[in-house]
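Here is the structure we will look at, set down as structure tokens.
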Amino acid sequence: MKIQFIYPAFERHAQAHPELKEYVPCNEYIGSPSLGIASVAACTPPGHEVAFLDDRIHPVEDHLPEADLYALSFFTAAASRALEIADMLRAKGKKVIAGGIFPTMMSEACAPHFDSVLVGEGEVYWEQVIADAQRGELKPRYEADRPADLSSLPRPAVELYLEAEDDLFSPDDYPLQVSRGCPFKCDSCVLPSCMGKKIRHFPDDTIWETLQVFARAGKRCSLTEDTSFLPIPGVKRRFRELLRRIKEFRQDEPVELSYVGTSMPLLLNMEEEIFDEVRQAGVGRFYLVGGFDPVTRGAFGPGDKAMVEKAEQCVKLCQDHGVEPYVSFLVGNEQDDEGTFDRMLEFSQGMKLNIAEFAIATPYPGSPMWKKMTEQDRIFDHTWKHYNDANVVFKPANMSPERLQEGYLYLWREFYRTRQHLQQADSKLATVQF
Ligand code: B12
Ligand code: SF4
């Protein structure tokens with residue numbers, strides 16, 4: 001059988017608001033696809049052919065290859081396009097199945113558009129799906145009855161992505177997944193619902209192998225998840241071991257990490273040496289998420305002085321240790337009011353931030369925020385492509401939706417107004433996702 005995986009398009013900040021391109025000087029950069037397809041494809045039994053199509057670069061309408069089964073992988077921002085592609089393919093009589101975060105959280109919304117909806121971690125049931133598809137007996141729904149056992153999984157088949165690169169698309173970094181699951185429950189995060197509440201770690205060998213494949217292809221890797229810094233016994237120790245091994249590994253291989261993602265105040269729990277270890281592992285940047293935690297919510301919402309000082313301390317820790325802070329400011333939290341936008345800009349100015357991004361709080365299906373906003377009947381937009389952190393889809397607590405939308409554009413414009421020199425900056429700054 002030939003299985004054609006498709007990564008449906010979604011709009012990023014600058015696509016949703018083209019005026020951003022006029023005032024944000026950093027080069028536009030399309031991020032790599034999520035690891036979902038590569039992870040599932042790696043578990044395909046022998047004897048089948050797998051192929052990958054990135055609809056963001058090569059729209060399905062113009063590049064539709066023949067296949068026996070079309071497997072779409074998508075999160076909420078890509079759901080509008082995914083449903084459109086599925087309808088189009090099924091009108092042509094093709095078999096189409098859906099997996100990923102959105103099908104996992106909203107399987108009923110997907111069901112009318114697909115032959116099968118796949119819920120949860122795909123590695124658990126993928127062989128069964130293939131066997132049933134081959135016999136022409138696909139079931140309408142498959143669901144993982146347990147978390148995947150990471151110790152027995154093959155590494156993600158990232159060659160699928162690397163081989164699909166061309167002149168139009170060749171990202172310089174890819175995500176590297178070191179664990180799954182999280183015991184916390186931040187408002188707008190779906191991970192604990194999708195991947196479970198317990199942290200599970202990939203074995204070192206799986207991580208090394210993946211890192212090596214990327215390094216040999218000239219790619220950097222990003223540690224995109226903040227769970228490595230959580231104050232849970234054993235988690236930080238494991239992360240430090242990982243950093244030390246990467247440091248050693250770099251003596252023989254051209255391994256480079258582009259950034260490590262973390263919720264801002266988690267840095268305050270870190271021992272000083274970790275910063276050096278991060279740098280020695282080649283990490284040039286922290287992707288500092290603000291707006292998920294009580295510290296930054298207190299700092300930028302009501303402007304609580306003690307919280308502002310803590311937030312400043314987080315940025316300063318990065319600067320003092322030579323790791324660039326790239327702050328991602330989330331606006332539209334319950335505490336935020338009309339003053340929030342200027343508080344964020346003053347903070348950026350005071351801390352001499354070089355680069356930053358701005359995102360609108362979004363009630364992703366399956367997240368605690370979704371549950372609360374639905375119960376309070378505050379969601380007014382169910383167009384999934386607007387769920388991309390660039391559009392207001394709910395009624396904010398202390399301002400109108402229009403004011404929040406304007407404030408978000410104001411932040412991008414005002415922050416970058418004094419940073420036009422970034423046009424000449426190192427191409428690595430192009431990893432700013434806008
Ligand atoms: C790397 C990453 C990115 C990259 C790459 C793009 C991408 N879509 O992944 C970039 C940086 C571009 C990105 C951008 C954004 N991202 Co992002 N991103 C991630 C991250 C950290 C890792 C993705 C990944 O590789 N996961 C690992 C794979 C293995 O997991 P998976 O895709 O869920 O796949 C498993 C199952 O879902 C299933 N499955 C998936 N596909 C298929 C297909 C089939 C056929 C089958 C059988 C099974 C199956 O099996 C897989 C293996 O178990 C995730 C967090 C996470 N851990 O997932 C957030 C995440 C996906 N992003 C998120 C968000 C919100 C965004 C932004 C909107 C944020 C922003 N500030 O703007 C933007 C999107 C657009 C924009 N405005 O720019 C949210 C999505 C929430 C939601 N409900 O949809 C997540 C979950 C983060 C979070 N904690 O909330 N992101
Ligand atoms: S944002 Fe990070 S810490 Fe919070 S629930 Fe999601 S993965 Fe866990």
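Per the Debye formula on identical point scatterers at the alpha carbon atoms of the chain, with no solvent, log10 I(q)/I(0) at q = 0.11 Å⁻¹ is -0.88. Summary value for the chain: 18 percent relative contact order, contacts being C-alpha pairs under 8 angstrom separated by 6+ residues.
For each pair in LYS305/LYS385; LYS139/LYS371; LYS95/LYS372, compute the distance between the two Cα atoms and list the pairs where it is over 32 Å.
With Cα atoms farther than 32 Å apart: LYS305/LYS385; LYS95/LYS372.
The distance separating the Cα centre of segment 345-419 from that of segment 260-294 comes to 23 Å. The trypsin sites (Lys or Arg not before Pro) found in segment 188-218 that occupy coil by DSSP, while having at most 16 further C-beta atoms within 10 Å, are LYS197, LYS198.
Spin-label pair GLU108-ARG413: with each label point 7 Å from Cα along the Cα-Cβ axis, the two points sit 4.2 nm from one another.
Taking loop as defined by DSSP and a crowding limit of 15 other beta carbons within 10 Å, which GluC sites (Glu not before Pro) in segment 258-298 fit?
GLU271
Using Cβ counts within 10 Å as a stand-in for footprinting exposure, how do LYS94, LYS219, LYS305 rank, fewest first?
Values: LYS94 17, LYS219 24, LYS305 10.
In order of increasing Cβ crowding within 10 Å: LYS305, LYS94, LYS219.
Per-residue ellipticity at 222 nm computed for the chain from its helices equals -10000 deg cm²/dmol, with DSSP H segments shorter than 4 residues left out and the rest contributing -39,500 (n - 2.57).
Of ASP252, ASP173, the sequence from fewest to most neighbouring Cβ atoms within 10 angstrom is ASP252, ASP173. Cysteines of the chain lacking any other cysteine Cβ under 4.7 Å from their own Cβ: CYS26, CYS43, CYS110, CYS182, CYS194, CYS221, CYS314, CYS318.
Add +1 for every Lys or Arg and -1 for every Asp or Glu among the other residues with Cβ under 13 Å from the Cβ of ARG297, and state the total. Each step should come with its number before you reach the end.
On the way: positive: LYS310, ARG343; negative: ASP187, ASP293, ASP304, GLU334, ASP336, ASP337.
Its environment carries a net charge of -4.
One chain, two ends: ARG237 and LYS395. Fully extended at 0.36 nm per residue, the span grows by 52.7 nm beyond their Cα-Cα distance.
Coordinate-derived values only; no laboratory data. Keep in mind that what you see is a predicted model, and the values were worked out from it rather than measured. As a convention, Cβ positions derive from the backbone with ideal geometry for all residues, glycine included, and neighbour counts pool all protein chains shown.
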